[in-house]
Amino acid sequence: FAAQRHVLTYMEDAVSQLLENREDISQYGIARFFTEYFNSVRQGTHILFREFSFVQATPHNRASFLRTFWRCFRTVGKNGGKYSNICWYLLTAQEYHCLLQLLCPDFPMELTQKAARIVLMDDAMDCLMSFSDFLFAFQIQFYYSEFLESVAVIYQDLLAGKNPNTVIVPTSSSAQHRQRQPPNDCNPLEGVEASLFYQCLESLCDRSKYSCPPSALVKEMLTNAQRITFYGFLVALAKDQGINRALGALPDKEDLFLDPVMDQELEKLVAQISGLSMSAPPSSSGDTASMPVRNSPRINSPWKPLHHRRKMDAESEGSNEETDSSEN
């Protein structure tokens, strides 16, 4: 159970965070730190602003990142959104990558480009994409990245007439550094035999230690096809709602822009902002001392990522140097 749930990964990360922030954590206790750390893991907020190596470290981390990306930016695909007059329908791969980097600063552009290639079929990578098209393609590419690397190798071997029983399963390090060569799917009549392709995928899923889509759903997807191309397979994966439900990170496509819990929080926030503006009438004398002050409750985070602290320390040191020089 511990290995299946990657408990050791989270214990190591928790201890690392504890050692890096021990001065702050000592103020309120180690027990509280571990409680709040694993609560954040359970809620899926532990991946926020973390390095990419941690974001992709476990299936739970990947699903949490997908869910967070959807919840943060789902209004991009709405008709102006409920709280915005701006109409954002389509974005480029570069723009989606910028959104991903808001949550994970070192998120690799390569994964974004591969997800965009599923939508655009490698025709014009600078074309615009809808949020829903990109999101479901990104989900498949990000969550099943190692699986897709092996599928690309199998597909190329089948095209070349090689023995499909020799399956290369990439390690986590090789999957990060090896550039996948896009198979040539320009001609829709090209491709490989769907039944043979599925046999190879079934064998891959049986022996792979990485996340794979359910074999039964893949078989159902390929049953009615005689031949299939590599990108045709990726598009089918991205559009299959059964695979989306099995993964469990995103809602169905028709519910993609519905999030009642988040909407309630936004409504509360808008109400608080409106209340603040209504309770603070402008002063004709310009004296701010007579203006009412509203103390809003503030909950301090028990710990902060180390790179945030270093950034704050560097900024404070820089401001001190400027102050010293001005005094001299």
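Is segment 123-136 home to any residue that is modelled with pLDDT of 90 or more, of a type in the set (Asp, Glu), touching a helix residue (DSSP H, G or I) at 6+ places or on another chain (Cβ under 7 Å) and assigned by the TED database to the domain that holds ARG71? Yes, segment 123-136 has at least one match. For segment 212-269, residues that are within 25 Å of the chain's Cα centre (by Cα), open to solvent by less than 30 Å² (accessible area, probe 1.4 Å) and among the hydroxyl-bearing types (Ser, Thr, Tyr) total 1. For the residues ARG22, ARG62, the requirement of being more than 21 Å from LEU250 (Cβ to Cβ) and surrounded by 12 or more Cβ atoms within 10 Å (Cβ to Cβ) singles out ARG22.
Inside segment 104-135, can you point out the residues that are within 11 Å of the chain's Cα centre (by Cα) and open to solvent by 10 Å² or more (accessible area, probe 1.4 Å)? LEU111, the sole residue that qualifies.
Regarding PHE49, is this residue in a helix (DSSP H, G or I) and surrounded by 13 or more Cβ atoms within 10 Å (Cβ to Cβ)? So PHE49 does not fit the description; no. Quick one: in segment 77-97, which of the residues that are touching a Leu at 6+ places or on another chain (Cβ under 9 Å), open to solvent by 10 Å² or more (accessible area, probe 1.4 Å) and of a type in the set (A, V, I, L, M, F, W, C) is modelled with the lowest pLDDT? Ranking the qualifying residues of segment 77-97, first place goes to LEU90.
The values are calculated or read from the model by the stated rules, or taken from the named source; none is laboratory data. Keep in mind that this is a model prediction, so the values were computed, not measured. For neighbour counting, all protein chains shown are included, and Cβ atoms are generated from backbone atoms with ideal geometry for every residue, glycine included. Please note that ligands, DNA and RNA were not included when accessible areas were found on the heavy atoms of the full protein model with its side chains. Shrake-Rupley method; radii C 1.70, N 1.55, O 1.52, S 1.80 Å.
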